[in-house]
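Novice: Input: one structure, supplied below.
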Amino acid sequence: MLDLARLRALHAVSVHGSVAGAAAALGYTPSAVSQQITKLERETRTTLLERRGRGVALTEEAVHLAATAQRLLAIVEQAETTLEERRGVPTGRLSIGAFASAARGLLPGVLAELARAHPDLDVRLTEVDPHLSVDLVAKGVVDLAVAHDWDIAPLPAPDGVAQAVIGDDLCDLLVPAGHRLAGRDGVRREELARERWICQPPGTVCHDWLVRTLRAAGYEPDIRHQAEENHTQLALLAAGLGVAMIPRLGRGPLPEGVVAVRMDPVPQRRLYALWRTEAARRPAITAAVAALQDQSSGVGLRPAGAPPGA
């Protein structure tokens with residue numbers, strides 16, 4: 001008899017591509033995940049992981065077993081959903097994946113609200129790359145994800161994944177206090193062709209959006225400095241090393257020497273809650289989505305479609 005917890009560990013490694021990534025998603029230590037895989041190898045008398053440099057790779061047999069594990073986990077989820085639905089109250093474990101600024105700016109209040117209102121619900125938060133959110137939900141790695149898209153880059157939702165809008169997050173141009181644009185009431189994108197930019201590394205949603213936005217304005221951005229964390233970007237801004245477009249959610253107070261300038265039109269990204277359609281009956285999903293929407297205005301998100309000045 002194959003152990004479900006060990007199959008879950010293998011499935012997580014297949015999705016995240018590493019033992020460390022699987023451990024972070026499951027809330028275990030890497031050592032605990034490795035032990036689960038080792039025990040599964042003994043149960044199946046099969047080598048499942050092979051060393052590749054500093055990481056691991058799934059063997060062909062492991063790939064097939066991980067696919068089977070995904071189907072089994074989906075069946076278990078259906079059973080758990082039915083039981084929770086019959087109870088009529090949010091219970092069990094609910095795993096939430098959220099991108100960094102949402103995890104910092106929105107989720108603390110949401111998690112506190114859920115803990116207060118539903119003490120029998122075990123909510124677990126993991127910070128995830130927004131590029132991966134939809135796939136993690138579709139594969140059952142997380143129950144609910146908070147993701148975003150930009151006004152020029154819509155978020156795709158495949159069959160089997162449902163979504164609800166949480167709200168819109170506005171974005172400002174941030175410049176050093178002595179910058180030529182610091183005193184302006186508004187700036188158009190076409191006026192920024194000569195600027196030196198600070199942004200996230202290539203491959204991130206925000207980097208791709210910035211490049212596409214400025215290319216649409218007629219020029220290639222001069223990206224001088226790349227940093228994943230908003231706080232690092234703010235420190236670079238305060239040192240006078242460039243300009244940046246940073247959303248408001250989770251940004252925190254601007255440091256001394258950094259000024260926000262309104263863009264015209266105002267860039268915005270839309271936040272969504274994503275979950276598997278087959279889990280939509282779970283009271284936990286309903287409660288979490290409601291909490292996300294309830295908390296959105298308190299952290300500065302605008303109702304979807306509202307004008308920036310509303």
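The values are calculated or read from the model by the stated rules, or taken from the named source; none is laboratory data. What you see is a predicted model, and the numbers here were worked out from it, not measured in a lab. All Cβ positions, glycine included, derive from the backbone under ideal geometry; neighbour counts span all protein chains shown. These area figures cover heavy atoms from the full protein model, side chains too; ligands, DNA and RNA do not enter into them. Shrake-Rupley method; radii C 1.70, N 1.55, O 1.52, S 1.80 Å.
Novice: Looking at ASP169, ASP135, ASP149, which one is farther than 27 Å from HIS11 by Cα and at pLDDT below 90? It would help to see each step written out before you state the result.
Specialist: Working: ASP169 fails: at pLDDT below 90; ASP135 fails: farther than 27 Å from HIS11 by Cα.
Every option except ASP149 fails the conditions.
Novice: Here are ARG184, ARG124: which of them is touching a Lys or Arg at 6+ places or on another chain (Cβ under 7 Å) and either surrounded by 14 or more Cβ atoms within 10 Å (Cβ to Cβ) or of a type in the set (Val, Ile, Thr) (or both)?
Specialist: ARG124 is the lone residue from the list that is touching a Lys or Arg at 6+ places or on another chain (Cβ under 7 Å) and either surrounded by 14 or more Cβ atoms within 10 Å (Cβ to Cβ) or of a type in the set (Val, Ile, Thr) (or both).
Novice: Kindly evaluate GLU113 against the criterion of being of a type in the set (Asp, Glu) and open to solvent by less than 20 Å² (accessible area, probe 1.4 Å). Can you show your working first?
Specialist: Values: of a type in the set (Asp, Glu): yes; open to solvent by less than 20 Å² (accessible area, probe 1.4 Å): no.
The answer is no for GLU113.
Novice: Under 7 Å between Cβ atoms, at least 6 apart or on separate chains: pull out the pairs that start in segment 292-305 with a residue that is within 11 Å of LEU107 (Cβ to Cβ) and end on any residue that is among the acidic types (Asp, Glu).
Specialist: GLN295/GLU113
Novice: Show the residue pairs that are 6+ apart or on different chains and have beta-carbon atoms under 9 Å apart, the first residue being within segment 210-232 and open to solvent by 80 Å² or more (accessible area, probe 1.4 Å), the second being part of a strand (DSSP E or B).
Specialist: Every condition considered, the pairs that remain are ARG212/TRP150; ARG212/ALA153; ARG224/ARG196; ARG224/TRP197; ARG224/ILE198; GLN226/ILE198; GLN226/CYS199.
Novice: Need a quick list: helices (runs of 4 or more DSSP H) entirely within segment 1-116 having at least 2 residues that are free of Cβ contacts under 8 Å to residues at least 60 places away in the same chain, under 22 Å from ARG282 (Cβ atoms) and of a type in the set (Lys, Arg).
Specialist: On the way: elements: 4-16, 19-26, 30-44, 60-87, 100-105.
Output list reads 60-87.
Novice: In addition: For the structure I just gave you, tell me whether LEU236 is open to solvent by 50 Å² or more (accessible area, probe 1.4 Å) and either among the hydrophobic types (A, V, I, L, M, F, W, C) or under 20 Å from GLY109 (Cα atoms) (or both).
Specialist: Details: open to solvent by 50 Å² or more (accessible area, probe 1.4 Å): no; either among the hydrophobic types (A, V, I, L, M, F, W, C) or under 20 Å from GLY109 (Cα atoms) (or both): yes.
Answer is no for this residue.
Novice: Those residues that are assigned to a strand (DSSP E or B) and either of a type in the set (Gly, Ala, Ser) or surrounded by fewer than 17 Cβ atoms within 10 Å (Cβ to Cβ) (or both), I need them from segment 248-290; list them, please. Show your work before the answer.
Specialist: First, pick out the residues of segment 248-290 that are assigned to a strand (DSSP E or B): 258-261, 263, 268-276.
The answer is ALA260, ALA273.
Novice: For segment 99-130, give me each residue that is more than 17 Å from GLU229 (Cβ to Cβ) and under 8 Å from the mean Cα position of the chain (by Cα).
Specialist: Residues satisfying the conditions do not exist here.
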